[in-house]
Amino acid sequence: MRAKISPKPFGKPPAPRPKTRHIAIRPAVFYLGFAGLLATNVLTLVGLLMAPDLARLFTSENETVLAAYEDRVSQLRLEVDRLQSRHYAQAGDINLQLQELAQTQEVLVEQHQYVRQLVDKAAALGIATASLSGPEMSAEASRAPLLTGSITSGGSASADVAAAAASITAMMNDSRLALAALSEQATSKTDEIMGTLAGIGIRPKLPTFDDSAEGGPLLPPVDGLDSPSLVDDANSVAEALERFRAARDAADLAPIHKPLTAATRVSSIFGNRKDPFTGRLAFHSGIDFAAPRGSNVLSAGHGRVSFVGQISGYGNVVEVTHGNGLITRYAHLSAFLITEGATVDAGTPLARVGSTGRSTGPHLHFEIRRSDTAVDPTRYLNAGRILTKILAT
């Protein structure tokens, strides 16, 4: 049988729950409020949109901001374009300078070759000048900057321009120094030769050049074509070399060379002397060189053999007619080595030393006649020694 449980003597009875009061909203009221709120919002939005002042305010604000932004973008674009244009302009200027330098260099290389030809021509004429550095060095120094094409780096471009300009300047200096040396040497030697020849009455005509021979249509000047040129200087040197050639040829043609190769003694000079046969004062029309019998007698200069035979008092004689009215006579010969009418140069063997005619022993009687009048051969032989030194230096 289950025991009966009695309530706890010390427990409290549970508190009663409060009663909750529910408020009920009718659907008609809810929908009416929602419709009112919606209508209010719609009316407010329509009011804003329809208000001209507010609409203009908002529109002006947006346009101001947009215009400011577009202005800033335009400024940035202009700045970029300006920087690019300046960069291209600088690069273009540098490239243009390099192209102009390259063209100038090509012209100078050709002119430099012309100068080289003049140096070689001067050397062939016996004019020694300082060595001329070749154009290869200058061309090599500037080949890299001139052949790199367009330049984009400002620093390297400036170095390229400087290197090319220095190369061209070096070429110009080399060429001008060589031309100055050639001109000075040729002119100086020409003057010395002409002065020496004038002292013995020989005045050869030197070539003249008409520097005024110019022409062409009259055209306006063109900018940028005033490039440095060596042509005028080189042409002047070429003319100086031609004058020197003419003076040297005149010296070669003149009868100014000793008619014997061996060192011989002068046994009788030109002028009045004691005659070896009569013992009285008499005029001697030449110079006597004591030499061994059979020694070669040489022509004193270029000319034509105009006489081979005998002349009273002279014995066997050879005469050579030269320019400027000069005739050389070689007397007392033992044998002839040339025929009449032959053309001879200085040093051509003519005959052999002898003692024919009015002679006391083997010797050569050397005589120079101008317009059939005997003149002192010593002056001509001295001039020959001077000219030999001039042409040898």
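The values are calculated or read from the model by the stated rules, or taken from the named source; none is laboratory data. Just so you know, these numbers come straight off a predicted model, no measurement behind them. Quick reminder, even Gly has a Cβ in these numbers, built from the backbone with ideal geometry, and neighbours come from all protein chains shown.
Given the conditions (1) of a type outside the set (S, T, Y); (2) in the same structural domain as R370 (by TED's automatic domain parsing); (3) more than 21 Å from A351 (Cβ to Cβ), report the number of the one that A251 does not fulfil.
With respect to (1) of a type outside the set (S, T, Y); (2) in the same structural domain as R370 (by TED's automatic domain parsing); (3) more than 21 Å from A351 (Cβ to Cβ), A251 is out only on (2).
Looking at segment 313-344 only, could you name the residues that are at pLDDT below 95 and either touching a Gly at 6+ places or on another chain (Cβ under 8 Å) or part of a strand (DSSP E or B) (or both)?
Of everything in segment 313-344, those that are at pLDDT below 95 and either touching a Gly at 6+ places or on another chain (Cβ under 8 Å) or part of a strand (DSSP E or B) (or both) turn out to be G313, H322, G323, N324, L326.
Do you know which residues across segment 349-393 are under 20 Å from G325 (Cα atoms) and outside any strand (DSSP E or B)?
Within segment 349-393, S371, D372, D376, P377, T378, R379, Y380, L381, N382, A383, G384 qualify.
Every residue in segment 269-310 that is touching a residue at least 60 places away in the same chain (Cβ under 8 Å) and within 16 Å of T378 (Cα to Cα), please.
I269, F270, G271, S285, G286, I287, D288, F289, A290, A300
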